[in-house]
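J.: Attaching a single structure in structure tokens format; questions to follow.
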Amino acid sequence: MEAIIHAKRWKGSEAPRKILVIRFQALGDTVITLPYLQSLKKQFPQCELHLLTRVEVSHIPKHLQLFERVFVLHGGRQAKVQFALALLKVPGLWSQNYDAIIDLQNNRISRIVRKILNPESWSEFDLFSPVSAGERTRRTIESIWTWEALPEFSFVRKQHTSRAIQILEENGFRDGNELVILNPAGYCTSRNWPLKRYVEFAQKWCENINPSTQFVLLLLPTHYQKARFLKEGIGDACIDLTGKADQVHAFDIVAEASLVLTEDSGLMHMAWTQRIPTVALFSSSRKDWSGPQGNWSVCLDSSDLDCGPCALEVCKYGDNRCLTRYSADFVLEQANHLRLNRQYA
């Protein structure tokens, strides 16, 4: 199905000189946009890209040599505060004299900012079509002018990733070992694969695939109990970086991994947007909206079940059947297939 994009096309014979991209939230949604914007920048390096975003999700965009300017909004998710602060940003944005605005948020605040700035060309993200967020991002970019926004997954950092490697080494990573990231970070219980399955997966990986593997946890402090369970179950092969790595460090550590096994979360998007083999345990989430893309990912979702994808925070049957049906052996098979495909690519 074609996404419905509202836009005013650029009529110049050359690409716009300066473009403002708007994307406020959330972390994963912001990361999804990066390969497509990187494609635009690569094709038109003379085009100056600016980003307007929330401070909470600004760190990775600031870390990359993609945006010439990153404007940030404070106020968290409080819409009224965010709106007031956005209006205070308008004079500075106005002075930039943007040729085009790519509104990848498409909410009340972003639309008002765009209308006040009144660029010659603009486009708005389609919020509702049953098409992946990445594909809708691509079409939103392409709707302004005639270019092909094929995603570009190679990112240049403004600073080297040495600090990320140092964090790994300080916590027991041994050079030459394979790195696999385990991420049981689904925000609600319906999106959680049983923790004991992660332990079984790690044990079977070491037994059947590579005994010289270390498993990294990049969880938030709120997931401390999960991290403790996995650390105790996996043992010395587990590197627990819970609360020790910020967004930028996590993004760079993900780039060093051979595989990411993850629930629906921002880290999942960090993986597939860097072309890291990604097994996504999607459960009640909508795969058609936000599942990881590319042949280096596999998404185990609930679209084949009568009850899914339900989007409920708690399974109505009480057993998370859309995820508990997947054994550690089955997930291991899917993961190893992706890993081997990457090795022989």
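J.: Here are some conditions: (1) among the aromatic types (Phe, Trp, Tyr); (2) closer than 17 Å to GLU124 by Cα; (3) not in a loop (DSSP other than H, G, I, E, B). PHE24 meets all but one. Which one does it not meet?
T.: (3)
J.: Consider VAL156 carefully, then state whether it is farther than 30 Å from CYS307 by Cβ, surrounded by fewer than 21 Cβ atoms within 10 Å (Cβ to Cβ) and at pLDDT below 95.
T.: yes
J.: Of all residues in segment 297-345, which are in contact with a Cys (Cβ under 9 Å, 6 or more places away or on another chain) and within 21 Å of ALA257 (Cβ to Cβ)?
T.: Scanning segment 297-345 gives a single hit, LEU300.
J.: Please count how many residues of segment 204-238 are outside any loop (DSSP other than H, G, I, E, B), surrounded by 15 or more Cβ atoms within 10 Å (Cβ to Cβ) and touching a strand residue (DSSP E or B) at 6+ places or on another chain (Cβ under 9 Å).
T.: Result for segment 204-238: 15.
J.: Something else: Given the structure, is SER162 under 23 Å from the mean Cα position of the chain (by Cα) and free of Cβ contacts under 8 Å to residues at least 12 places away in the same chain?
T.: yes
J.: Take the residues in segment 42-57 that are out of contact with any Pro (no Cβ under 9 Å at 6 or more places or on another chain) and buried (at least 20 other Cβ atoms within 10 Å of the Cβ), then tell me which one is nearest to ARG114 (Cα to Cα).
T.: Among them, the one singled out is LEU52.
Per-residue answers, yes or no, for (1) closer than 27 Å to SER285 by Cβ; (2) aliphatic (A, V, I, L, M):
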site	(1), (2)
TRP10	no, no
ILE22	yes, yes
GLN25	yes, no
GLN38	yes, no
ILE60	yes, yes
GLN65	no, no
ARG69	no, no
ALA84	no, yes
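J.: Something else now. Does segment 133-144 contain at least one residue that is among the small types (Gly, Ala, Ser), surrounded by fewer than 19 Cβ atoms within 10 Å (Cβ to Cβ), touching a residue at least 60 places away in the same chain (Cβ under 8 Å) and in a loop (DSSP other than H, G, I, E, B)?
T.: No, segment 133-144 has no match at all.
J.: Answer yes if at least one residue in segment 93-113 is acidic (Asp, Glu), within 24 Å of SER265 (Cα to Cα), in a helix (DSSP H, G or I) and under 23 Å from the mean Cα position of the chain (by Cα), and no otherwise.
T.: Checking segment 93-113: not a single residue is acidic (Asp, Glu), within 24 Å of SER265 (Cα to Cα), in a helix (DSSP H, G or I) and under 23 Å from the mean Cα position of the chain (by Cα).
J.: If you don't mind, another one. If ILE165 satisfies all but one of (1) within 26 Å of GLN65 (Cβ to Cβ); (2) modelled with pLDDT of 95 or more, what's the number of the condition it fails?
T.: The single condition ILE165 does not satisfy is (2).
The values are calculated or read from the model by the stated rules, or taken from the named source; none is laboratory data. Everything quoted here is computed from the prediction, not taken from an experiment. No Cβ is skipped: glycine too gets one built from the backbone with ideal geometry, and neighbour counts run over all protein chains shown.
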